[in-house]
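Enquirer: I'd like to ask some things about the structure below.
The values are calculated or read from the model by the stated rules, or taken from the named source; none is laboratory data. As the structure is a computational prediction, the values presented were derived from the model and not from experiment. Cβ: placed from backbone, ideal geometry, glycine included. Neighbour counts: every protein chain shown.
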Amino acid sequence: MKINTYAGAGMWSWVLQRITGLLLVVYFMVHMWGMHFRFEFKTPLDGVFTYVLSTEFFLIILVLIVYHGFNGICSVTIDLVGGIRLQRWLFWIFMVLGVLLLYAVSIRSRLF
């Protein structure tokens, strides 16, 4: 029996959407917990906060947010327009827009 699998842009964008969503939820939970208890007493995350405030970590979180947001907008556009045949083009258009946004933000905030 042959099982048809599709590993195109649609599948990978779906997988990466779930991974970035999970990473953002974990980051948000750790961030909220750490900020809540940061000044009351010593937490195990005190050493982590020195890295969290670094430029590299800021860029990682920014990339996660931009990819997750633009891929979500792309998915909504595909659903509303019904452009399943335009899925690959829309995916790459939104990813290029995301890279341009990341570049503009990094230049404006002097990250590079």
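Enquirer: Can you report the number of residues in the range 87-112 which are in a helix (DSSP H, G or I), loosely packed, with under 13 Cβ neighbours inside 10 Å and not basic (Lys, Arg)?
Expert: Qualifying residue count for the region: 7.
Enquirer: Could you grab me the full set of residues in the range 27-46 that are part of a helix (DSSP H, G or I) and either closer than 29 Å to residue 104 by Cα or modelled with pLDDT of 65 or more (or both)?
Expert: Within the range 27-46, the subset part of a helix (DSSP H, G or I) is 27-37, 46.
Those that are part of a helix (DSSP H, G or I) and either closer than 29 Å to residue 104 by Cα or modelled with pLDDT of 65 or more (or both): 27, 28, 29, 30, 31, 32, 33, 34, 35, 36, 37.
Enquirer: If you check every pair at least six apart or on different chains, which have Cβ atoms under 8 Å apart with a residue in the range 57-71 that is assigned to a helix (DSSP H, G or I) first and a residue that is crowded, with 16+ Cβ neighbours inside 10 Å and β-branched (Val, Ile, Thr) second?
Expert: 64/20; 67/20; 68/20; 71/20
Enquirer: Take the conditions under 30 Å from residue 107 (Cα atoms), exposed (fewer than 15 other Cβ atoms within 10 Å of the Cβ) and either in contact with a His (Cβ under 9 Å, 6 or more places away or on another chain) or modelled with pLDDT of 70 or more (or both) and apply them to residue 84. Does it pass?
Expert: no
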